[in-house]
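Structure first, then comments.
The values are calculated or read from the model by the stated rules, or taken from the named source; none is laboratory data. None of these values were measured; they are calculated from a predicted model. When we count neighbours, we look across all protein chains shown, and the Cβ atoms used for this are built from the backbone with ideal geometry, even at glycine. The protein model used for the area step is the full one, side chains on, heavy atoms only, and it has no ligands, DNA or RNA in it. Shrake-Rupley method; radii C 1.70, N 1.55, O 1.52, S 1.80 Å.
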Amino acid sequence: MAAPRAVLLLSGKRKSGKDFVAEELRSRLGPDVCTILRLSGPLKEQYAKEHGLDFQRLLDASTYKEMFRQDMIRWGEEKRRADPGFFCRAAVEGALQPVWVVSDTRRLSDVEWFQDAYGDVVQTVRVVATEETRKRRNWVFVTGVDDAESECGLDQGVAFDWVITNDGDKVALGKQLEMLVQSLHRNL
């Protein structure tokens with residue numbers, strides 16, 4: 001595994017568009033330069049193995065995943081308490097591109113692990129969308145999910161390097177992403 005030249009830790013509320021922003025960044029930088037890493041991938045894979053579930057169905061935005069979300073959150077927190085870097089190490093395994101975009105950073109312990117492991121190449125990116133925008137994207141508040149650490153863990157305690165507003169204005173979003181991409185090119 002080659003050391004990354006830039007690690008972008010994306011965070012934001014459900015339906016803020018973190019995955020969309022991650023895909024846009026990879027598209028602009030190119031797949032040879034940029035890879036998207038997901039902390040939830042190793043978590044869901046291990047959870048599926050231990051609970052006899054369909055891993056692929058846990059990856060999509062289905063009701064199947066939602067049936068297990070709360071227990072998966074609880075289980076993941078137990079794993080993190082035992083080893084805060086467990087899912088981070090699994091996510092970066094095999095990453096070769098110089099730019100890593102972690103599309104689902106959710107906890108201060110995730111940020112700290114990446115900063116300890118990769119230092120100055122780490123940048124934090126908050127993706128924000130209004131509650132109205134999130135509702136248009138079919139977000140509905142769920143007690144035990146939207147008020148859990150997995151959604152609120154980075155609401156405080158992080159001075160974000162970048163804040164990307166993703167409320168559906170493609171021109172405004174494009175300008176913000178272009179500024180971020182230009183900054184990355186200066187470091188490559």
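Take the conditions (1) more than 12 Å from Leu9 (Cα to Cα); (2) over 14 Å from the mean Cα position of the chain (by Cα); Gln115 misses just one of them, which is (1).
Is the stretch 85-104 home to any residue that is among the aromatic types (Phe, Trp, Tyr) and closer than 24 Å to Val140 by Cα? Lay out the reasoning, then the answer.
From the stretch 85-104, those among the aromatic types (Phe, Trp, Tyr) are 86-87, 100; that's our starting set.
So of that shortlist, the ones also closer than 24 Å to Val140 by Cα come out as none.
No, there is no match, as no residue in the stretch 85-104 is among the aromatic types (Phe, Trp, Tyr) and closer than 24 Å to Val140 by Cα.
Answer yes if at least one residue in the stretch 152-167 is over 16 Å from Val125 (Cα atoms) and of a type outside the set (A, V, I, L, M, F, W, C), and no otherwise. No, because not a single residue in the stretch 152-167 is over 16 Å from Val125 (Cα atoms) and of a type outside the set (A, V, I, L, M, F, W, C). I'd like to know if the stretch 44-59 contains one or more residues that are open to solvent by 20 Å² or more (accessible area, probe 1.4 Å), more than 22 Å from Glu112 (Cβ to Cβ), at pLDDT below 95 and in contact with a Gly (Cβ under 8 Å, 6 or more places away or on another chain). Looking for residues that are open to solvent by 20 Å² or more (accessible area, probe 1.4 Å), more than 22 Å from Glu112 (Cβ to Cβ), at pLDDT below 95 and in contact with a Gly (Cβ under 8 Å, 6 or more places away or on another chain), one finds at least one in the stretch 44-59, hence yes. Within this structure, Arg107 fails the test of being open to solvent by 20 Å² or more (accessible area, probe 1.4 Å) and not β-branched (Val, Ile, Thr). Scanning the stretch 1-43 for residues that are open to solvent by 20 Å² or more (accessible area, probe 1.4 Å) and over 13 Å from the mean Cα position of the chain (by Cα) gives Met1, Ala2, Ala3, Arg5, Glu24, Arg26, Ser27, Arg28, Pro31, Asp32, Val33.
Figure legend. Inter-residue proximity from the stretch 104-132: first residues under 22 Å from Met179 (Cβ atoms), second residues assigned to a helix (DSSP H, G or I) and open to solvent by less than 30 Å² (accessible area, probe 1.4 Å), beta-carbon distance below 6 Å, spacing 6+ or different chains. Indicated pairs: Val122/Phe114; Val127/Lys18; Val127/Val21.
Given the criteria over 15 Å from Lys18 (Cα atoms), at pLDDT 95 or above and either of a type in the set (Phe, Trp, Tyr) or open to solvent by 30 Å² or more (accessible area, probe 1.4 Å) (or both), does Val181 qualify? Against the criterion (over 15 Å from Lys18 (Cα atoms), at pLDDT 95 or above and either of a type in the set (Phe, Trp, Tyr) or open to solvent by 30 Å² or more (accessible area, probe 1.4 Å) (or both)), Val181 does not qualify. The set of residues in the stretch 77-97 that are under 14 Å from Val7 (Cα atoms) and open to solvent by less than 40 Å² (accessible area, probe 1.4 Å) comprises Cys88, Ala91, Val92, Ala95. Among the residues of the stretch 61-70, is any crowded, with 18+ Cβ neighbours inside 10 Å and either over 14 Å from the mean Cα position of the chain (by Cα) or at pLDDT below 95 (or both)? Checking the stretch 61-70: not a single residue is crowded, with 18+ Cβ neighbours inside 10 Å and either over 14 Å from the mean Cα position of the chain (by Cα) or at pLDDT below 95 (or both).
Does Asp120 qualify as being surrounded by fewer than 17 Cβ atoms within 10 Å (Cβ to Cβ) and out of contact with any Pro (no Cβ under 8 Å at 6 or more places or on another chain)? So Asp120 fits the description; yes. Annotation: Tyr118 fulfils all but one of (1) at pLDDT 95 or above; (2) over 27 Å from Arg81 (Cα atoms); the unmet one is (2).
Total residues in the stretch 130-178 satisfying the condition of being among the aliphatic types (A, V, I, L, M), more than 19 Å from Ala61 (Cα to Cα) and exposed (fewer than 11 other Cβ atoms within 10 Å of the Cβ): the figure is 2.
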